[in-house]
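I have a structure I would like to understand better, so I am pasting it below and will then ask my questions one at a time.
The values are calculated or read from the model by the stated rules, or taken from the named source; none is laboratory data. The structure presented is a predicted model; accordingly, all values stated were derived computationally and were not measured. Note that each Cβ is placed from the backbone with ideal geometry, even for glycine, and that neighbours are counted across all protein chains shown.
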Amino acid sequence: MKYALFDYVTNKGINDFKIWTEKLQKIQRAKLNIRLDMLENKGFDLFPQILTGTDTAGIQKLRVPGKVQLRPMVCKGPINIENEFTLLIGAIEKQDKLQPKKADQIADKRRKDVITDEKRRTKHERIS
Amino acid sequence: MKELVKTLTSEFSDKEYAHAYVDDFSNMFIAAQIKALRDQRGWTQKELAEFSGMKQERVSALEDVNYGAWTAKTLKKLAQAFDLTLKISFEQFSDCIMDMDAISTESLKRVSREENLLQFGQNEIIRDVETPITYHANVVTKRVTPNVINIRDAVTQKASAFTWTDESDTPYLEAIQA
């Protein structure tokens, strides 16, 4: 099953996730992109551990291995739960702690923003 | 997915990026295939661990798409447990792109040795029967009168019924008649 990917945008129309991705090193971007590509094109049935839960219901972290453990926060939908994912905020994990702190809670607030206003997200912008 | 194939073909012009991307895909592929093969056989992780002489925790780690520290020795153990052969080879990047396109739970499944060889043997017998038909059909298509519409029907007829246009066809004609 194919999924559509979206990026959250701020109330000023800024794509936060794109900016976060642009700051990553090339190898990190490659590892992020393979995960996003598989999520988009194959879903998570084939690769179940690609997404894991957080302390916040409805918010999952995309697990990207590497020297720096990338953990962008993701939610299903939230407009169409069945076939969409929205990338809400870029984050990393060090010693089981998220950076930025409470990234999952920030993501949840953003998820609610998108539910309220569909314009608070845009089609995912790939950075390679 | 075709769009992704195009994108990757372009992105992989960067060597560092291409290797990082494909390296992670390889890890994901192996993890997913171990899980798919275990599910196909209806085994638990504990059972696979017993059959391969590992601990269950190790099997769990190997099935995790975020794990990349597997060794050929470990994979050989799993191959033996699944009654499969392990094929390790160097591949071109385009092949990897096509693998990404094709990967699915079904595409990762493999039948074990006995079942596979049984199927393989049967297919070989069928191929042995079909090869002369195909060969004759090619001859018919190329060299026989255009009145023949159904090639398979034509093959079952006596070859002498056709009009041959070239003296050098004689050996083929004799072969078909025989």
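For residues in segment A:33-89 being within 12 Å of the chain's Cα centre (by Cα), assigned to a loop (DSSP other than H, G, I, E, B) and under 14 Å from A:Leu5 (Cβ atoms), which is modelled with the lowest pLDDT?
A:Gly77
Residue-wise test of (1) under 22 Å from A:Leu36 (Cα atoms); (2) surrounded by fewer than 17 Cβ atoms within 10 Å (Cβ to Cβ); (3) within 13 Å of chain A (Cβ to nearest Cβ); (4) at pLDDT 95 or above.
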site	(1), (2), (3), (4)
B:Val22	yes, no, yes, yes
B:Gln45	no, no, no, yes
B:Gln56	no, yes, no, yes
B:Val65	yes, no, yes, no
B:Gly68	yes, yes, yes, no
B:Leu78	no, no, no, yes
B:Ile103	yes, no, yes, no
B:Leu108	yes, no, yes, no
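Just give me the residues in segment B:2-12 being more than 10 Å from every other protein chain (Cβ to nearest Cβ) and either hydroxyl-bearing (Ser, Thr, Tyr) or buried (at least 19 other Cβ atoms within 10 Å of the Cβ) (or both), in sequence order.
The one that is more than 10 Å from every other protein chain (Cβ to nearest Cβ) and either hydroxyl-bearing (Ser, Thr, Tyr) or buried (at least 19 other Cβ atoms within 10 Å of the Cβ) (or both): B:Thr9.
Evaluate the following for B:Glu57: is it part of a helix (DSSP H, G or I) and over 19 Å from B:Met28 (Cα atoms)? Full working, then the answer.
Numbers: part of a helix (DSSP H, G or I): yes; over 19 Å from B:Met28 (Cα atoms): no.
Spelling it out, it is not the case that B:Glu57 is part of a helix (DSSP H, G or I) and over 19 Å from B:Met28 (Cα atoms).
Give A:Val68, A:Val64 a once-over and let me know the one that is surrounded by fewer than 22 Cβ atoms within 10 Å (Cβ to Cβ) and within 14 Å of chain B (Cβ to nearest Cβ). Let's see the steps before the verdict.
On the way: A:Val64 fails: surrounded by fewer than 22 Cβ atoms within 10 Å (Cβ to Cβ).
On inspection, the qualifying residue turns out to be A:Val68.
So, of the residues in segment A:90-114 that are of a type in the set (Lys, Arg) and outside any loop (DSSP other than H, G, I, E, B), which turns out to be farthest from A:Thr21 (Cα to Cα)?
Filtering segment A:90-114 for residues of a type in the set (Lys, Arg) gives A:94, A:97, A:101-102, A:109-112.
Restricting the remaining residues to those that are outside any loop (DSSP other than H, G, I, E, B) gives A:94, A:97, A:109-112.
Values: A:Lys94: 18, A:Lys97: 20, A:Lys109: 21, A:Arg110: 18, A:Arg111: 19, A:Lys112: 22 Å.
Filtering first and then ranking leaves A:Lys112.
While we're on this one: Go through (1) surrounded by 19 or more Cβ atoms within 10 Å (Cβ to Cβ); (2) within 23 Å of B:Ala102 (Cβ to Cβ); (3) more than 14 Å from chain B (Cβ to nearest Cβ) one by one and return the number of the condition A:Leu36 breaks.
(3)
Another question about this same structure. Can you work out which of the residues in segment A:88-105 that are out of contact with any Ser or Thr (no Cβ under 9 Å at 6 or more places or on another chain) and buried (at least 19 other Cβ atoms within 10 Å of the Cβ) is nearest to A:Tyr8 (Cα to Cα)?
Checking each candidate, the answer is A:Leu88.
Among the numbered conditions (1) touching a helix residue (DSSP H, G or I) at 6+ places or on another chain (Cβ under 7 Å); (2) among the hydroxyl-bearing types (Ser, Thr, Tyr); (3) within 14 Å of chain B (Cβ to nearest Cβ), tell me where A:Thr56 comes up short.
Unmet condition: (3).
Sticking with this structure for a sec: I'm told B:Phe29 meets every condition in (1) more than 16 Å from A:Pro48 (Cβ to Cβ); (2) aromatic (Phe, Trp, Tyr); (3) within 23 Å of the chain's Cα centre (by Cα); (4) outside any loop (DSSP other than H, G, I, E, B) except one. Can you identify the failing condition by its number?
(1)
Which numbered condition trips up B:Thr85, out of (1) closer than 22 Å to B:Glu115 by Cα; (2) in a helix (DSSP H, G or I); (3) away from every other protein chain (no Cβ under 14 Å)?
B:Thr85 satisfies every listed condition except (2).
Right, something else. Pull up segment A:23-33, narrow it to residues that are surrounded by fewer than 17 Cβ atoms within 10 Å (Cβ to Cβ) and among the charged types (D, E, K, R), then point me to the one that is farthest from the other protein chains (Cβ to nearest Cβ). Step through it out loud before you land on a result.
Kept after step one, since they are surrounded by fewer than 17 Cβ atoms within 10 Å (Cβ to Cβ), are these residues of segment A:23-33: A:23, A:25-26.
Now restrict to residues that are among the charged types (D, E, K, R): A:23, A:26.
On the way: A:Lys23: 16, A:Lys26: 5 Å.
Here the residue is A:Lys23.
Sort out which residues of segment A:81-128 are among the polar types (S, T, N, Q) and touching a residue at least 60 places away in the same chain (Cβ under 8 Å), and write them in order of number.
Of segment A:81-128, the ones among the polar types (S, T, N, Q) are A:83, A:86, A:95, A:99, A:105, A:116, A:122, A:128.
Residues satisfying the conditions are A:Asn83, A:Thr86, A:Thr122, A:Ser128.
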